[in-house]
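The values are calculated or read from the model by the stated rules, or taken from the named source; none is laboratory data. Small disclaimer: the values here were computed from a predicted structure and weren't measured. Quick reminder, even Gly has a Cβ in these numbers, built from the backbone with ideal geometry, and neighbours come from all protein chains shown.
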Amino acid sequence: MQENTSDTWFGVRCVFRHGEDTYEERIVIVIAADLSHAIAKAEDEAAEYVDGMNMEYIGLAQAFMLFTAPRDGAEVFSLMRDSDLEPDDYLDAFFSTGNERQGDVSPS
């Protein structure tokens, strides 16, 4: 539920460092009046997230205004980047460095 009629949903991505060599990108959704308020709310949440943990918020927050209220299949974050790289090279440079902690999903 929105806080008032002028508030909007935002997806905000924050980046964290765990220990010495692990980074986490985390997206939260918040209701805020504008982009700067959305980032402030997400940074407050980031401070709570790291409290008492061996990790730190490293100061990067990127926000995206949702076009509709969250629902199944709603887009909650989008970041566009210009690049001359071919698709496979782009993925290798930004998303598939080999150091991600992820697994493959088997087709059903």
- Task: Residue by residue through the stretch 16-34, note down the ones that are surrounded by 16 or more Cβ atoms within 10 Å (Cβ to Cβ) and either at pLDDT below 95 or outside any strand (DSSP E or B) (or both).
- Result: Phe16
- Any hit, the stretch 40-53, residues being part of a strand (DSSP E or B), β-branched (Val, Ile, Thr), under 11 Å from Cys14 (Cβ atoms) and under 17 Å from the mean Cα position of the chain (by Cα): no
- Item | Residues of the stretch 94-108 satisfying the condition of being of a type in the set (Phe, Trp, Tyr) and surrounded by 10 or more Cβ atoms within 10 Å (Cβ to Cβ) | Phe94
- Looking only at residues in the stretch 81-93 that are part of a loop (DSSP other than H, G, I, E, B) and more than 18 Å from the chain's Cα centre (by Cα), which one is surrounded by the most Cβ atoms within 10 Å (Cβ to Cβ)? Leu85
- Message: assigned to a loop (DSSP other than H, G, I, E, B), under 22 Å from Arg101 (Cα atoms) and either polar (S, T, N, Q) or in contact with a Cys (Cβ under 8 Å, 6 or more places away or on another chain) (or both): is that true of Ser6 in this structure?
- Response: no
- Message: Between Ser36, Ser106, Ser83, which is among the hydroxyl-bearing types (Ser, Thr, Tyr), in contact with a helix residue (DSSP H, G or I) (Cβ under 9 Å, 6 or more places away or on another chain) and without any contact (Cβ under 8 Å) to a residue 40 or more places away in the chain?
- Response: Ser83
